[in-house]
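The values are calculated or read from the model by the stated rules, or taken from the named source; none is laboratory data. Keep in mind that this is a model prediction, so the values were computed, not measured. As a convention, Cβ positions derive from the backbone with ideal geometry for all residues, glycine included, and neighbour counts pool all protein chains shown.
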Amino acid sequence: MSSDPDPLKQAALDYHRRAPAGKIKVVPTKSVVTQRELSLAYSPGVAYACEEIVRDPNTAAEMTSRGNLVAVITNGSAVLGLGNIGPLAAKPVMEGKGMLFQKFAGIDVFDIEINEPDPQKLIDIIASLEPSFGGINLEDIKAPECFVIERSLRERMNIPVFHDDQHGTAIIVGAAFINAMSVIGKRADQVKIVHTGAGAAGIACLDMLVQLGVAPANIWVADRNGVIHSGRTDLDENKRRYARETNARSLDDIIADADVFVGLSGPHVLTQDMVKRMAKQPVIFALANPTPEILPEQVKEVCADAIVATGRSDYPNQVNNALCFPYLFRGALDVGATEINEAMKIACVKAIAELARREMSDVAVRAYGGQTRSFGPDYLIPQPFDPRLLVDLSSAVALAAMESGVATRPITDIAAYRERLNTFVFRTGMLMKPVFERARSDLKRVVYAEGEEETVLRAIQHIADDRLAWPILIGRPAVIESRIARMRLRIKAGEHFEICNIESDPRFKEYWTLYHSLLERRGVTPDGAKAVVRSRSTVIAALMVHRGEADALLTGLIGRYHKKLRYITDILPLDVDVHAPSAMTGVINNNGVFFFLDTHVKLDPTPEQIAEATLQAAIRLRLFGVEPKIALLSHSNFGSHEDASALKMRQALEIVRARAPDLEIEGEMHADTAFNEEVRDRLFPNSRLKGRANLFVCPNLDAANIGYNITRVMTEGVALGPILMGVSKPAHILTPAATVRRVVNMTAIAAVEAQIRAAQAGSST
């Protein structure tokens, strides 16, 4: 154990040491469990793939990982703020970069640390790797060698080559600059820029600012030797481009009246006195890490209206390369770009800037402790965890690559591409796509019992943007409006949703009177009815659906499931020929989509209730475009046990087959038997279930709920539901753990169910 008192240091060391050591690993993408699979993966089957690539080299992107594989390469000559620590010590940084590529954009990475200080030899080594990779990310290579290395590799290689320290930083600074100019109301060609630090990132930032319209004559640069002026003899070609004819020799000499300061140098370079002499409402990008050129609080002490950005996560406006590089490569790889050109970089800059001018996403809010920010001095660029970065930036880069002529695999349907990217962010996306499309075709009124909840309000923003339903929020108008304002959402009452005021709705007498009439023979008095309706928003929601004022309801973000269920079933009758409600919950993970039944309602259902729930569930699966493949689960495998639990599932199977003989269903069986067709065929060759089951019907509530939750957590799956079935009107009870995305998904499901029921009612009249 280290004796160092710094708790962050010890935590970081423990983090990296925790088994398995490091941060990345390589896993196979195909199954190799049978002799045949081995023959396909390796000899002799692999030869056919090799021959196909010889015939057409472009097929390598189809039959190997190359099209989604990036090399993160360094020689360790300029690692973070640590300097020339060598390639071995740089490996934790490169592994971290690889982890970000995978987590943010689904890109696979091999980190390659090369023990070679000679630039030309390094160029030769990296260039020889082209057959292995779809792209090259250069990292932590010192200036000025990095300029030569990147330029040479871009000329020699026919795949994207990107030096993130240079151009990643430049892209983020460019986006922050665009938005800062918008805030202070100045044009790029009007501002004076003072820049400290003329290394790789510094020069790249200056080049980017010029591309964005800054006049070179308005740029003043200082490095560790002072102002870069035309009389200096120690300047390389990159610095000479920014040399000025001037007698100024220090930062203090050039800072007066500067509109923008960009620092990529070292700590405490910019003083408070210098800030005082800058232009009104100055923009200060103090980006040295870990200690910036000046701390934001020091700036604010002498200039309250200054706009400040740093490279640190503990201050607003963090200039973080993670905002850029995963998505830039995602777009480049997906179109088979031969390079990352200026058009693609500028597209990335503009997409980042535009995204910051929209409201913050719910995922970003959760990632940053519930803080909601809106575009302005303290929010110039998005947060790194904003999931919209993948969709917006990658598609912008892909379009720029195609328009600039460097795409070898152009995307013909950019809308479909954005949908695919969105599916990576929200893995429910593809499953929900047909549901969303149908919901949009005929907007239904969905009432939300917990209309004041932040999760609901954020969901309503998505629902309004996607036109999935007409929301009705139950709550106090003042509370709803204040929370919308605090979260900086764009939705407005009357325009995007309506409010049922729980404190003073004019329909209150009608509501309690109806509630009393429905339950007076169950001991509910008029005063009791008034008290319940006044205090139970789920009851109001159900009454609105009963009266035809809403088409569907969502509740459950607060309170207990079964209490909400009782309120609903007291008011809304069950479907014809249904004796008990049930609930189905889905899990979407990397293996597909799987549904579990009954996860929330019946503790110990009868065979009849199991059969009813199964038939109801099969209908819902088809709503998603999923053909039901149903397994009745048990501790018994096709008659291996004769106890009551096994017999119950056997009886349920008989009932289902009698009512729906064409349904693909089998049982009773173990869960692994349901999942693995090979095992099932060996045990029960005459099974009517083919392939892998997607609906797992459990013998009791314990089994279903445990199975669903274990599957969801252990596979890092996304939950869909619970979907309440058997009630005659669309009504769904969520759980307190429901996310914004789950609320959105369940809204679409409820809306489509309302459409279907309305159509059925119309056809029967």
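For a quick check of your reading of the model, give me the residue pairs whose first member lies in the stretch 142-168 and is farther than 13 Å from LEU129 by Cβ and assigned to a helix (DSSP H, G or I), whose second is of a type in the set (A, V, I, L, M) and at pLDDT below 90, with beta-carbon atoms closer than 7 Å and at least 6 apart or on different chains.
If the second residue must be of a type in the set (A, V, I, L, M) and at pLDDT below 90, the pairs left are CYS146/ALA200; PHE147/ALA200; ASP165/ALA200; ASP165/ALA201; GLN166/ALA200; GLN166/ALA201.
Filter the stretch 569-619 down to the residues that are modelled with pLDDT under 90, touching a helix residue (DSSP H, G or I) at 6+ places or on another chain (Cβ under 8 Å) and in a strand (DSSP E or B) and list them by number.
ILE588, ASN589, VAL593
Given the condition out of contact with any strand residue (DSSP E or B) (no Cβ under 9 Å at 6 or more places or on another chain), under 30 Å from ILE123 (Cβ atoms) and without any contact (Cβ under 8 Å) to a residue 40 or more places away in the chain, answer yes or no: does some residue in the stretch 67-89 qualify?
Yes, the stretch 67-89 has at least one match.
Could you please find all residues in the stretch 480-504 being in contact (Cβ under 8 Å) with a residue 24 or more places away in the chain and of a type in the set (D, E, K, R)?
Result: ARG483, ARG486, ARG488, ARG490, GLU498, GLU503.
Which is surrounded by 10 or more Cβ atoms within 10 Å (Cβ to Cβ), assigned by TED's automatic domain parsing to the domain that holds GLY134 and closer than 30 Å to VAL335 by Cα, of ALA60, ALA41?
ALA60
Quick check: anything in the stretch 277-289 of a type in the set (D, E, K, R) and more than 34 Å from the chain's Cα centre (by Cα)? Walk me through how you get there before you give the answer.
Residues of the stretch 277-289 that are of a type in the set (D, E, K, R), as a first pass: 277, 280.
Remaining after also requiring more than 34 Å from the chain's Cα centre (by Cα): 277, 280.
Looking for residues that are of a type in the set (D, E, K, R) and more than 34 Å from the chain's Cα centre (by Cα), one finds at least one in the stretch 277-289, hence yes.
Do the conditions hold for ASP662, that is, is it surrounded by fewer than 19 Cβ atoms within 10 Å (Cβ to Cβ), in contact (Cβ under 8 Å) with a residue 40 or more places away in the chain, in the same structural domain as ASN694 (by TED's automatic domain parsing) and of a type in the set (Asp, Glu)?
no
Residues being in a helix (DSSP H, G or I) and either in contact with a Cys (Cβ under 6 Å, 6 or more places away or on another chain) or of a type in the set (S, T, N, Q) (or both): count how many of those fall in the stretch 665-706.
First, the residues of the stretch 665-706 that are in a helix (DSSP H, G or I): 671-675, 677-683, 701-706.
Filter once more, keeping what is either in contact with a Cys (Cβ under 6 Å, 6 or more places away or on another chain) or of a type in the set (S, T, N, Q) (or both): 673, 704-705.
The number of residues fulfilling the criteria is 3.
Just wondering, is there one or more residues in the stretch 739-760 that are in contact with a strand residue (DSSP E or B) (Cβ under 9 Å, 6 or more places away or on another chain), part of a loop (DSSP other than H, G, I, E, B) and not assigned by TED's automatic domain parsing to the domain that holds LEU632?
Yes, some residue in the stretch 739-760 is in contact with a strand residue (DSSP E or B) (Cβ under 9 Å, 6 or more places away or on another chain), part of a loop (DSSP other than H, G, I, E, B) and not assigned by TED's automatic domain parsing to the domain that holds LEU632.
Return the total of residues in the stretch 406-433 being modelled with pLDDT of 90 or more and assigned to a loop (DSSP other than H, G, I, E, B).
7
Among the numbered criteria (1) under 24 Å from ALA464 (Cβ atoms); (2) among the charged types (D, E, K, R); (3) more than 29 Å from the chain's Cα centre (by Cα), which one does ARG521 miss?
Exception for ARG521: condition (1).
Within the stretch 129-141, count every residue that is touching a Pro at 6+ places or on another chain (Cβ under 9 Å), assigned to a loop (DSSP other than H, G, I, E, B) and farther than 25 Å from ALA198 by Cβ.
1
Which pairs do you get when a residue that is assigned to a helix (DSSP H, G or I), found in the stretch 212-229, comes within reach of a residue that is buried (at least 19 other Cβ atoms within 10 Å of the Cβ) and of a type outside the set (Lys, Arg), reach meaning Cβ atoms under 7 angstrom, with the pair 6+ apart or on two chains?
ASN218/VAL191; ASN218/ILE193
From the residues in the stretch 410-425 that are touching a residue at least 24 places away in the same chain (Cβ under 8 Å) and either hydrophobic (A, V, I, L, M, F, W, C) or in contact with a strand residue (DSSP E or B) (Cβ under 9 Å, 6 or more places away or on another chain) (or both), which one is surrounded by the most Cβ atoms within 10 Å (Cβ to Cβ)?
Result: LEU421.
Identify, by number, the condition in (1) charged (D, E, K, R); (2) without any contact (Cβ under 8 Å) to a residue 60 or more places away in the chain; (3) at negative phi that ASP598 doesn't meet.
(2)
Any residue at all in the stretch 55-65 that's outside any loop (DSSP other than H, G, I, E, B), touching a strand residue (DSSP E or B) at 6+ places or on another chain (Cβ under 7 Å) and closer than 30 Å to ILE136 by Cβ?
The answer is yes; a qualifying residue exists.
Restricting attention to the stretch 234-243, and to residues there that are buried (at least 16 other Cβ atoms within 10 Å of the Cβ) and free of Cβ contacts under 8 Å to residues at least 40 places away in the same chain, which single residue is farthest from ASP207 (Cα to Cα)?
Ranking the qualifying residues of the stretch 234-243, first place goes to LEU235.
Being buried (at least 22 other Cβ atoms within 10 Å of the Cβ) and of a type in the set (S, T, N, Q) narrows it down to one of ASN709, ASN694, ASN745, ASN676, so name that one. Don't jump to the end; show me each part of the working.
Details: ASN709 fails: buried (at least 22 other Cβ atoms within 10 Å of the Cβ); ASN694 fails: buried (at least 22 other Cβ atoms within 10 Å of the Cβ); ASN676 fails: buried (at least 22 other Cβ atoms within 10 Å of the Cβ).
ASN745 is the lone residue from the list that is buried (at least 22 other Cβ atoms within 10 Å of the Cβ) and of a type in the set (S, T, N, Q).
Among the residues of the stretch 672-700, how many are within 9 Å of LEU632 (Cα to Cα) and either among the β-branched types (Val, Ile, Thr) or free of Cβ contacts under 8 Å to residues at least 40 places away in the same chain (or both)?
Pass one, the stretch 672-700, residues within 9 Å of LEU632 (Cα to Cα): 674, 695-699.
So of that shortlist, the ones also either among the β-branched types (Val, Ile, Thr) or free of Cβ contacts under 8 Å to residues at least 40 places away in the same chain (or both) come out as 697.
Residues in the stretch 672-700 being within 9 Å of LEU632 (Cα to Cα) and either among the β-branched types (Val, Ile, Thr) or free of Cβ contacts under 8 Å to residues at least 40 places away in the same chain (or both): 1 in total.
Out of (1) surrounded by 10 or more Cβ atoms within 10 Å (Cβ to Cβ); (2) part of a loop (DSSP other than H, G, I, E, B), the odd one out for ALA71 is which?
(2)
Would you mind stating whether ILE460 is touching a Lys or Arg at 6+ places or on another chain (Cβ under 9 Å), closer than 21 Å to GLU753 by Cα and not polar (S, T, N, Q)?
no
Being farther than 22 Å from ASP334 by Cβ and of a type in the set (Val, Ile, Thr) is the filter here; which residues of the stretch 89-121 pass it?
VAL93, ILE112, ILE114, listed by residue number.
Can you find even one residue in the stretch 358-374 that is small (Gly, Ala, Ser) and either under 27 Å from VAL210 (Cβ atoms) or modelled with pLDDT of 95 or more (or both)?
The answer is no, given that none of the residues of the stretch 358-374 is small (Gly, Ala, Ser) and either under 27 Å from VAL210 (Cβ atoms) or modelled with pLDDT of 95 or more (or both).
Across the stretch 717-738, what is the number of residues that are β-branched (Val, Ile, Thr) and in a loop (DSSP other than H, G, I, E, B)?
The qualifying residues number 1.
Of TYR511, TYR561, which residue is of a type in the set (Phe, Trp, Tyr) and over 32 Å from the mean Cα position of the chain (by Cα)?
After applying the criteria, what remains is TYR511.
Looking at ALA215, ALA176, ALA204, which is the one that is farther than 16 Å from LEU380 by Cα and within 33 Å of the chain's Cα centre (by Cα)?
Numbers: ALA215 fails: within 33 Å of the chain's Cα centre (by Cα); ALA176 fails: farther than 16 Å from LEU380 by Cα.
Of the residues listed, the single one that is farther than 16 Å from LEU380 by Cα and within 33 Å of the chain's Cα centre (by Cα) is ALA204.
Hey, THR538 hits all of (1) buried (at least 16 other Cβ atoms within 10 Å of the Cβ); (2) over 20 Å from GLY548 (Cβ atoms) but one; which does it fall short on?
Every listed condition holds for THR538 apart from (2).
Within the stretch 175-187, track down each residue that is closer than 20 Å to ASN320 by Cβ, in contact with a Lys or Arg (Cβ under 8 Å, 6 or more places away or on another chain) and not polar (S, T, N, Q).
Residues satisfying the conditions are ALA175, ILE178.
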